[in-house]
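Let me begin by presenting the structure, written as structure tokens, before commenting on it.
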Amino acid sequence: MTRILIAEDEPQIAAFVRRGLESAGYESVIVEEGDKALEVALSGEIDLVLLDIGLPVMDGFEVLRALRAAGSTTPVIMLTARTSTRDTVEGLESGANDYIPKPFAFDELLARVRSRLRESSPRPGFILTQDDVELDLLTRRATVGGKEVELSAREFTLAEQFLRHPGEVLSREWLLREVWGLNFDPGSNVVDVYVRYLRSKIGHGHIVTVRGAGYRWG
């Protein structure tokens, strides 16, 4: 479960935020002093920090600078009653990911939390892997057995469809529609041609011909 540190020395605010976060499905930890907040944030068990500026022992700016100096990339949202541009700029330049003035609506805070967590989390959905073939959907790079292979844009899209549907029989009609955006032309052999191109680059054993039905990965 995602764990959020609430570094806040006002008990009512901390309790309010904790209730809202836990209702939204997050686990939370409350600390009231800056030095303790830094210790917990560096523990490796925190996914996001809600950091008040006006903390005892170490203020929020000191905590944030120490956190970043230690190499932590944990997202930090600063919560503060200070609303001057100077304070906002100092917080952001010290490494804060976001800055919310008090008082705030919890729905806004929750939206900011979700946004920062999305930004910081790995995006495995952009990598497709089957057997020894891997496709990076962001960079449009393909590797086979760890070695990069050059695929044309159409070959890459065709490979993507196979990796998204391993074990399924994909008809020529379906592939023509999904890869080329065309309705099926009974006289066209473009799918067969590109399957042959793709096999020559990623290995013939990955794509199996299912007679009278289409093709299947594996």
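The values are calculated or read from the model by the stated rules, or taken from the named source; none is laboratory data. The shown structure was predicted, so the numbers you read here are calculated from the model rather than taken from an experiment. So basically every Cβ, Gly included, is an ideal-geometry build from the backbone, and we count neighbours across all protein chains shown. Heads up: the accessible areas ignore ligands, DNA and RNA and are worked out on the full protein's heavy atoms, side chains in. Shrake-Rupley method; radii C 1.70, N 1.55, O 1.52, S 1.80 Å.
Number of residues in the stretch 18-66 that are in contact (Cβ under 8 Å) with a residue 60 or more places away in the chain and in contact with a Phe, Trp or Tyr (Cβ under 7 Å, 6 or more places away or on another chain) equals 1.
Candidates are the residues of the stretch 136-151 that are modelled with pLDDT of 90 or more and surrounded by 12 or more Cβ atoms within 10 Å (Cβ to Cβ); the one that is nearest to G218 (Cα to Cα) is V144. Checking each residue in the stretch 161-195 for being of a type in the set (F, W, Y) and modelled with pLDDT of 90 or more picks out F162, Y194. Just one of the listed residues (R172, R199, R177) is under 24 Å from D132 (Cβ atoms) and basic (K, R), and it is R199.
Residues in the stretch 163-218 that are surrounded by fewer than 15 Cβ atoms within 10 Å (Cβ to Cβ), assigned to a loop (DSSP other than H, G, I, E, B) and small (G, A, S): G167, G181, G187, S188, G205, G212, A213, G218.
If you go through the stretch 15-32 and keep only what is open to solvent by less than 20 Å² (accessible area, probe 1.4 Å) and more than 14 Å from L110 (Cα to Cα), you end up with just V31.
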